[in-house]
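**Q** Let me begin by handing over the structure; questions about it come next.
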Amino acid sequence: MPGEPKKQNHPIAAFLIGFIFAVLTLVVFAGVIHHLTISHHGPQLLKPLKDKFFPEHKSPILEEAKRLEEFEIHRHFHHIVEYPQLPESERPVCFICHSDFPHTKNKKVRSLLNMHTQYFVCEACHIKEQTDARIVYKWYNPYDDNPQGPFIGTSYDPETGNLVDVADKFSKLTPFFQKGDELESAIQKQDAPLARDYVKIRDKLTPEQRDGVKNKFHVSIKEKGDDCKLCHAEKGILDFKKLGFADNRIEDLVQLNVKGMLTKYEVFYLPDLFLAPESEKP
Amino acid sequence: MKSQRKMKAAVFCLGWIVAILWLGFPAVAADKENCLMCHKYPFVGRIDENGKRHNYQVDEASYNHSVHRSVACRDCHTYITKIPHDPVTEEVNCANVCHTKPPFAQEKFSHQKIIDIYNDSAHGIKPDDSPEAKKAKPYCKFCHLNPLYTRVSEKVIAFDETLRRCLNCHQAKGVTQAYIHMTHRLRKKTTRSPQEVVQLCAKCHQDVELMQKLKVSEEGLTAVATYNHTLHGKSVALGSQETADCISCHASFAIHDIYRKDNPKATVYKDNLMQTCLQCHTETNSWFVQIAVHPRTKREENPLIYMAGIGLRFALYGSVCSLVGLMLLETYGRRKDGIKFLLRRGTSWRGKSKRPPRK
Amino acid sequence: MSISSDTITGSPGETLVGDDYFTYVEGVGPIPRDIFKYVKSDPFGDLPRYSVHIVIQHFLIFVTFLVLSATGLPLYFSDLAWAKYMVSLFGGVDLARLIHKIAAFTMMFASAYHIITIVGGTLRQILKREFDYRRTVIPRLKDLTDLFHDLKYFLGFEPYRPKMEKFMYKQKAHYLAILWGSFVLTAAGSALLFPDTMAKLFPDTMTQLLPSGVVDKGSFPAFFQNLARLMHADEAVMALIVIAFWHWLNVHFVPGRFPLQWAFLTGRITREHQIEEHFLEYLRNLQEIPEEREYMKRLLREKGFDKSHFVSIADLSRVH
């Protein structure tokens with residue numbers, strides 16, 4: 001019959017192309033809805049609702065902290081390189097009160113002492129000796145039961161002379177009590193319930209009560225840490241070789257470099273530098 | 001969490017390894033006095049009495065790839081005379097003469113020239129400034145971190161190929177440094193990207209509270225917002241490298257000579273505008289420079305534009321609503337007459353009309 | 001039964017007469033207004049509607065419109081989160097802007113091509129004395145009455161849709177809107193792309209045409225640039241919304257057109273659509289296409305319409 005159509009139904013392609021148009025329309029529709037409801041370009045119809053259910057909390061403390069951090073970047077000039085940090089829950093318990101920069105009193109050396117927190121847990125210097133156990137030092141990594149290194153600061157890059165950058169950034173030297181063949185960790189981990197509890201309620205305690213609790217924490221801690229020369233010496237308490245330090249690095253640590261400076265300044269400049277914290281002087 | 005940290009650390013290490021291989025030159029003995037012995041460690045620092053953290057680290061690798069890599073520490077930190085040194089109270093003076101003598105120069109290097117330009121500019125501290133202004137004005141270190149050498153785009157210069165030719169005559173170590181030192185600056189006007197420039201200027205100029213304290217003009221108060229409304233601003237916000245940033249128009253090649261626009265020395269002074277726009281817009285004429293670069297569509301200032309905006313909005317809502325309304329009505333009416341959505345077996349009119357029969 | 005005054009003059013010597021329901025076509029028979037409910041249609045289209053030129057032009061405009069929207073919108077809404085991802089699809093904002101310009105020039109080329117086809121085609125028709133303004137998009141008073149007639153039909157107050165020409169009221173409105181829109185967008189876009197050249201084109205005397213005190217800084221180029229900034233973005237957003245919410249839905253998603261009207265690719269319209277919305281154009285198809293005439297004759301015979309009432313030309317004198 002003349003004029004009778006050859007095809008009487010749509011091919012599949014019609015649905016496919018039509019689907020593309022539908023998707024485009026939906027995309028534009030989503031955009032328009034966004035524009036009308038929450039976008040700051042549009043009338044913000046849902047803003048009252050948003051403000052009601054998701055109120056924007058402005059914290060002056062946070063803002064000030066952020067501002068100070070930015071200020072520090074501008075003040076610093078030399079680039080602040082971000083150093084990876086353990087999540088707060090994984091850090092040793094001391095961190096809660098003392099932070100990464102615990103030393104503040106002795107103006108001459110506080111920053112230098114703080115530097116050691118990258119390598120040591122606090123107890124490394126501040127642990128009280130026990131009569132029935134020997135203290136041995138090992139690398140400790142909360143993520144790794146038996147960290148193998150290489151560890152940060154143990155060797156120099158022969159090319160640049162810089163310290164070699166390593167993957168393991170969380171291992172720290174940690175004291176263990178050796179009782180017979182058993183090794184017992186000397187550090188307080190953060191899962192200690194006492195610590196968590198204390199942080200929550202410390203504002204409600206009187207200063208005297210607070211001191212009492214603090215004494216509990218510090219039962220095996222001595223206030224003045226080990227003397228520098230205890231480690232920075234030929235036969236110090238740290239066996240650098242065994243701990244994975246390279247020979248030239250050991251040399252710097254025990255001889256010329258660090259110890260040299262310490263001895264020199266002890267003798268010539270500040271004979272009483274390491275004797276007592278400044279605040280305790282008359 | 002753990003793997004994420006490790007990953008981050010790994011990427012960080014890899015980043016530095018790549019950076020070192022890429023710049024490919026060893027550290028220079030800028031640190032003759034071994035200051036880095038203490039200052040290289042990330043945790044050299046302290047919390048002060050106000051709870052503010054001070055970070056005293058000087059990252060070895062960064063420093064050795066910065067423009068100051070051969071300047072000895074005490075060339076800038078002149079007030080340090082002994083180790084361990086006392087708490088630092090003095091600021092570094094960038095106008096110091098350092099012990100580096102640049103090639104083709106008679107005297108030792110100093111930033112004095114650029115500081116003179118800067119001191120004369122709107123940002124330099126003047127004797128009659130208010131105390132707020134004196135406090136708010138940026139000093140060198142506010143805008144400048146120790147600049148790291150960055151490699152110029154391969155489109156501008158084929159880095160390795162060109163350097164290899166230098167090595168035919170020159171010693172690798174020296175010429176590589178000189179080469180990096182020069183190619184670092186082979187850019188249009190600023191080493192920084194337009195995004196970095198806008199971000200830097202906006203840090204203060206966007207702070208309306210601060211600007212109000214400094215009693216800037218109404219235009220100055222909204223400068224960042226109005227810029228962000230233009231094609232210049234929008235393109236830069238999306239990452240354009242070709243579009244004008246603040247420095248493109250507000251400073252000459254001295255970069256630091258930024259003045260208020262009523263100062264005849266300003267690049268945006270009305271008599272200098274032509275020259276400034278010509279940097280990009282080659283057909284610039286005296287009418288062109290009157291086009292607002294920081295446009296404001298306030299009713300009082302631009303009533304025609306303002307009304308046109310409202311008119312267009314009405315046209316939009318009116319046309320979309322009436323057309324979609326017509327479409328819905330049409331669909332309702334035709335569906336009632338018996339049409340189906342899909343054309344099948346040669347017809348869409350497979351339904352029964354619910355309309356009253358024809359008279 | 002009344003006789004409609006709506007007579008159509010086709011080729012000389014032939015007169016078609018219609019009434020509200022039946023339209024008598026010489027050599028075919030009386031065609032009932034709702035015959036589209038009984039015809040068979042090919043989804044790809046049965047009757048010619050667009051020439052191959054128009055199909056090509058539509059396709060060019062269609063593709064460039066999508067590209068222009070995709071590259072232009074993120075720039076306009078640069079501070080929204082999706083903008084960055086959208087421009088990264090085009091390899092960064094600088095490349096996106098270049099693509100935007102290339103697409104714009106392609107669209108302008110397609111527009112010029114369209115104008116040449118339309119003007120050339122019209123001239124040819126005039127020379128051949130075939131030109132009929134009723135078959136064009138030129139608006140007439142009939143379009144307004146058609147619109148009201150149609151609204152009444154949709155609401156159920158009229159039994160049938162109006163008998164409309166090749167281009168009905170909404171197509172004419174849409175076409176003219178696009179004409180205006182593309183003129184504005186091209187002019188404003190050129191002003192944004194060549195602001196310096198634009199400033200040269202407008203002498204300062206233009207400034208005096210504007211009411212005093214309304215032009216910022218008193219110069220016409222500055223005013224025009226501000227206007228262009230506003231118009232280019234707002235017109236484009238309006239175009240996109242109208243295309244997405246009305247054009248696509250109206251063309252592809254309303255009953256009988258779903259899921260796709262093939263006309264924009266094949267240039268042909270389905271028979272049922274032509275009779276329903278472009279009845280007068282269908283009558284011309286009957287004249288011009290013998291196969292269509294045969295088809296309709298047979299259909300009328302099949303449905304039993306051929307014997308019913310019709311009005312011959314001879315009867316006309318008696319009725320009046």
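**Q** Could you tell me whether the stretch B:4-20 includes any residue that is within 8 Å of chain A (Cβ to nearest Cβ), over 27 Å from B:Val152 (Cα atoms) and modelled with pLDDT of 75 or more?
**A** Checked against the condition, which is being within 8 Å of chain A (Cβ to nearest Cβ), over 27 Å from B:Val152 (Cα atoms) and modelled with pLDDT of 75 or more, the stretch B:4-20 yields no hits at all.
**Q** Take the conditions part of a loop (DSSP other than H, G, I, E, B), among the polar types (S, T, N, Q), touching a His at 6+ places or on another chain (Cβ under 6 Å) and surrounded by 12 or more Cβ atoms within 10 Å (Cβ to Cβ) and apply them to B:Asn146. Does it pass? Break it down stepwise before answering.
**A** Details: part of a loop (DSSP other than H, G, I, E, B): yes; among the polar types (S, T, N, Q): yes; touching a His at 6+ places or on another chain (Cβ under 6 Å): yes; surrounded by 12 or more Cβ atoms within 10 Å (Cβ to Cβ): yes.
Against the criterion (part of a loop (DSSP other than H, G, I, E, B), among the polar types (S, T, N, Q), touching a His at 6+ places or on another chain (Cβ under 6 Å) and surrounded by 12 or more Cβ atoms within 10 Å (Cβ to Cβ)), B:Asn146 qualifies.
**Q** Which residues, counting only those in the stretch B:275-327, are touching a residue at least 60 places away in the same chain (Cβ under 8 Å) and more than 7 Å from chain C (Cβ to nearest Cβ)?
**A** Once the filter is applied, which keeps residues that are touching a residue at least 60 places away in the same chain (Cβ under 8 Å) and more than 7 Å from chain C (Cβ to nearest Cβ), the stretch B:275-327 yields B:Val293, B:His294, B:Arg296.
**Q** Now for a different question. Without any contact (Cβ under 8 Å) to a residue 24 or more places away in the chain, more than 8 Å from chain B (Cβ to nearest Cβ), among the basic types (Lys, Arg) and not in a loop (DSSP other than H, G, I, E, B): which single residue out of A:Arg67, A:Arg75 fits that description? Quick ask: steps written out before the conclusion?
**A** Working: A:Arg75 fails: more than 8 Å from chain B (Cβ to nearest Cβ).
A:Arg67 is the lone residue from the list that is without any contact (Cβ under 8 Å) to a residue 24 or more places away in the chain, more than 8 Å from chain B (Cβ to nearest Cβ), among the basic types (Lys, Arg) and not in a loop (DSSP other than H, G, I, E, B).
**Q** Any residue in the stretch B:232-246 that is at the interface with another protein chain (Cβ under 8 Å from one of its Cβ atoms) sitting within a Cβ distance under 7 Å of a residue that is in a loop (DSSP other than H, G, I, E, B) and of a type in the set (Ser, Thr, Tyr)? List the pairs, counting only those 6 or more apart or interchain.
**A** Here the result reads B:Lys234/C:Ser78; B:Ser235/B:Thr243; B:Ala237/C:Ser78; B:Leu238/C:Ser78; B:Gln241/B:Ser193, each pair linking the stretch B:232-246 to a residue that is in a loop (DSSP other than H, G, I, E, B) and of a type in the set (Ser, Thr, Tyr).
**Q** While we're on this one: Does the stretch B:348-359 include one or more residues that are facing chain C (nearest Cβ under 7 Å) and at pLDDT 90 or above?
**A** Let us first name the residues in the stretch B:348-359 that are facing chain C (nearest Cβ under 7 Å), namely B:348-349, B:355, B:358.
Checking which are at pLDDT 90 or above leaves us with B:348-349.
Yes: one or more hits.
**Q** Quick test for you: out of C:Ser69, C:Ser78, C:Ser51, pick the one residue that is away from every other protein chain (no Cβ under 11 Å) and small (Gly, Ala, Ser). Talk me through it step by step, then tell me what you get.
**A** On the way: C:Ser69 fails: away from every other protein chain (no Cβ under 11 Å); C:Ser78 fails: away from every other protein chain (no Cβ under 11 Å).
Sole residue among the options that is away from every other protein chain (no Cβ under 11 Å) and small (Gly, Ala, Ser): C:Ser51.
**Q** Looking for something surrounded by fewer than 19 Cβ atoms within 10 Å (Cβ to Cβ), at positive phi and not hydroxyl-bearing (Ser, Thr, Tyr) - is there at least one such residue anywhere in the stretch B:336-344? Show your work before the answer.
**A** Filtering the stretch B:336-344 down to residues surrounded by fewer than 19 Cβ atoms within 10 Å (Cβ to Cβ) leaves B:336, B:338, B:340-342, B:344.
Imposing the further condition that a residue be at positive phi reduces the set to B:338.
Checking the rest, the ones that are also not hydroxyl-bearing (Ser, Thr, Tyr) come to B:338.
Within the stretch B:336-344, one or more residues are surrounded by fewer than 19 Cβ atoms within 10 Å (Cβ to Cβ), at positive phi and not hydroxyl-bearing (Ser, Thr, Tyr).
**Q** Looking only at residues in the stretch B:211-223 that are touching a residue at least 24 places away in the same chain (Cβ under 8 Å) and crowded, with 17+ Cβ neighbours inside 10 Å, which one is farthest from C:Arg229 (Cα to Cα)?
**A** Step by step, filter the stretch B:211-223, then rank; the result is B:Leu214.
**Q** Evaluate the following for B:Asp257: is it more than 10 Å from chain C (Cβ to nearest Cβ) and touching a residue at least 60 places away in the same chain (Cβ under 8 Å)? Steps first, answer last, please.
**A** Details: more than 10 Å from chain C (Cβ to nearest Cβ): yes; touching a residue at least 60 places away in the same chain (Cβ under 8 Å): yes.
Considered against the rule, which asks whether it is more than 10 Å from chain C (Cβ to nearest Cβ) and touching a residue at least 60 places away in the same chain (Cβ under 8 Å), B:Asp257 comes out as yes.
**Q** Something else now. Across the stretch C:45-57, what is the total count of residues that are of a type outside the set (Ser, Thr, Tyr), surrounded by fewer than 20 Cβ atoms within 10 Å (Cβ to Cβ) and either more than 15 Å from C:Phe279 (Cα to Cα) or in contact with a Ser or Thr (Cβ under 7 Å, 6 or more places away or on another chain) (or both)?
**A** Qualifying residue count for the region: 5.
**Q** Quick one: which residue in A:Phe15, A:Phe29 is within 8 Å of another protein chain (Cβ to nearest Cβ), within 23 Å of C:Thr266 (Cα to Cα) and in a helix (DSSP H, G or I)?
**A** Numbers: A:Phe29 fails: within 23 Å of C:Thr266 (Cα to Cα).
Within the list A:Phe15, A:Phe29, the selection yields A:Phe15.
**Q** crowded, with 18+ Cβ neighbours inside 10 Å, touching a Cys at 6+ places or on another chain (Cβ under 9 Å) and assigned to a helix (DSSP H, G or I): is that true of C:Asp146 in this structure?
**A** Numbers: crowded, with 18+ Cβ neighbours inside 10 Å: yes; touching a Cys at 6+ places or on another chain (Cβ under 9 Å): no; assigned to a helix (DSSP H, G or I): yes.
In short, no.
**Q** From the set of residues in the stretch A:142-167 that are facing chain B (nearest Cβ under 10 Å) and not in a loop (DSSP other than H, G, I, E, B), which is surrounded by the fewest Cβ atoms within 10 Å (Cβ to Cβ)?
**A** Top of the filtered list is A:Asp144.
**Q** Looking at this structure, is C:Glu292 modelled with pLDDT of 90 or more and in contact with a Phe, Trp or Tyr (Cβ under 6 Å, 6 or more places away or on another chain)? Break it down into steps so the answer makes sense when it comes.
**A** On the way: modelled with pLDDT of 90 or more: yes; in contact with a Phe, Trp or Tyr (Cβ under 6 Å, 6 or more places away or on another chain): no.
Judged against the criteria, C:Glu292 is not a match.
The values are calculated or read from the model by the stated rules, or taken from the named source; none is laboratory data. Keep in mind that this is a model prediction, so the values were computed, not measured. Quick reminder, even Gly has a Cβ in these numbers, built from the backbone with ideal geometry, and neighbours come from all protein chains shown.
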